[in-house]
Amino acid sequence: MTDIGRRLETWAEGEPTVRALFAIGSRSRDAGGPGAADIYSDWDYQVIAAEPALFDQAGWCEQAGLGKPLAYVLRSGRLGGVRKVTAVVAGGEIDAVIIPAAQFVAVRAAVQAGTYRESPLVWSALRDQGLVLAGGFRRMKDEIAAEELFRWVEKNLPPPRLSEAEIVELAEGFVCDYVSTMRKIARGELVAAQRWLHAQLAETNYRLLHELRRRRGQASFPDARRLELLAAGAELGLVRIEATLEARSLRAAAGRSAQGCAALVRSLIGDAWRWPELPSGLRVE
């Protein structure tokens, strides 16, 4: 464990408001394995806190021996409306999801009572947690028996697989976004087209490739940077975006992305969906 992890764990052990601390993501994985941390990796945590307001300000970083942050922000997280702290300190970057202990206890009670599906907020939080825990987690402190619930989520709520209908929906959405991208290029809205190319077309292809790798039993993660490290040359070619801010380059990149989408969908569901015959000027060459 390097400096940040050691200092944070030592501080958390003696901090009474911190009821549990778990490393998640790359820092929780075995060295040398798929998606393991490297020297550039940040530190991702889940913190269950009796007094979440402690993390509203950056002072705890200095208490933990991490020094005064160079930048510090508190933003909304995706786990049932909880908040996430992001801090840049001299030794690296920290992302910590702050889960109020009272909220954790309420969710655990719903699971124990078998009523967790009856509350949309609880059900959504548990499913989101399943996505997070699938990337790995490691207990650093646990005074609230959180690991027991985390293991239950890991076993019973793994990340959902895409159905054929969902794959078709992604493909249809891709076509709509492809047409929109090409219209932007035709109008000379090159910055907007470049943004759409990365934010819409590429993201859809990443989801499709992740699903394909999972079906093949290959190591995979939903984020593009992990896929980039794990995917073979041919696979990477299906999702790679190479484009300069020029109409010709953007059109070519959109076309390659469309070909990648069609190939991925075909690998997933065969001929259940095919790329449509688009009007002249929008066809994929």
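For the reader, a short list of remarks on this structure follows.
- Residue list for the range 245-285, restricted to those being β-branched (Val, Ile, Thr) and modelled with pLDDT of 95 or more: Val265, Ile269
- Scanning the range 187-197 turns up no residue that is in the same structural domain as Asp30 (by TED's automatic domain parsing) and touching a Leu at 6+ places or on another chain (Cβ under 8 Å).
- With respect to the conditions (1) crowded, with 18+ Cβ neighbours inside 10 Å; (2) of a type in the set (Lys, Arg); (3) assigned to a loop (DSSP other than H, G, I, E, B), Arg256 lacks only one, and its number is (3).
- Sub-6 Å Cβ pairs linking a first residue in the range 82-106 that is among the small types (Gly, Ala, Ser) to a second residue that is crowded, with 17+ Cβ neighbours inside 10 Å and not in a helix (DSSP H, G or I), at least 6 apart or interchain, are Ala87/Pro69; Ala87/Tyr72; Ala87/Ile94; Ala96/Tyr45; Ala96/Val47; Ala96/Val85; Ala101/Arg19; Ala101/Ile48, ordered by first then second residue.
- Hits in the range 224-250 (condition: surrounded by fewer than 18 Cβ atoms within 10 Å (Cβ to Cβ), assigned to a helix (DSSP H, G or I) and over 24 Å from the mean Cα position of the chain (by Cα)): Ala247, Arg248, Ser249
- There is no residue in the range 85-97 that is in a helix (DSSP H, G or I) and acidic (Asp, Glu).
- Qualifying residue in the range 116-132 (condition: polar (S, T, N, Q), over 24 Å from Glu13 (Cβ atoms), touching a helix residue (DSSP H, G or I) at 6+ places or on another chain (Cβ under 8 Å) and not in a helix (DSSP H, G or I)): yes
- If the condition is being aliphatic (A, V, I, L, M), touching a residue at least 60 places away in the same chain (Cβ under 8 Å) and out of contact with any Ser or Thr (no Cβ under 8 Å at 6 or more places or on another chain), then the range 210-247 contributes Ala219, Leu229, Ala247.
- Residue ID - farthest from the chain's Cα centre (by Cα), chosen from residues in the range 1-36 that are crowded, with 18+ Cβ neighbours inside 10 Å and part of a loop (DSSP other than H, G, I, E, B): Glu15
The values are calculated or read from the model by the stated rules, or taken from the named source; none is laboratory data. Predicted model only: the values in this text are computed from it and were never measured. Every residue, glycine among them, receives a Cβ derived from its backbone with ideal geometry; neighbour counts consider all protein chains shown.
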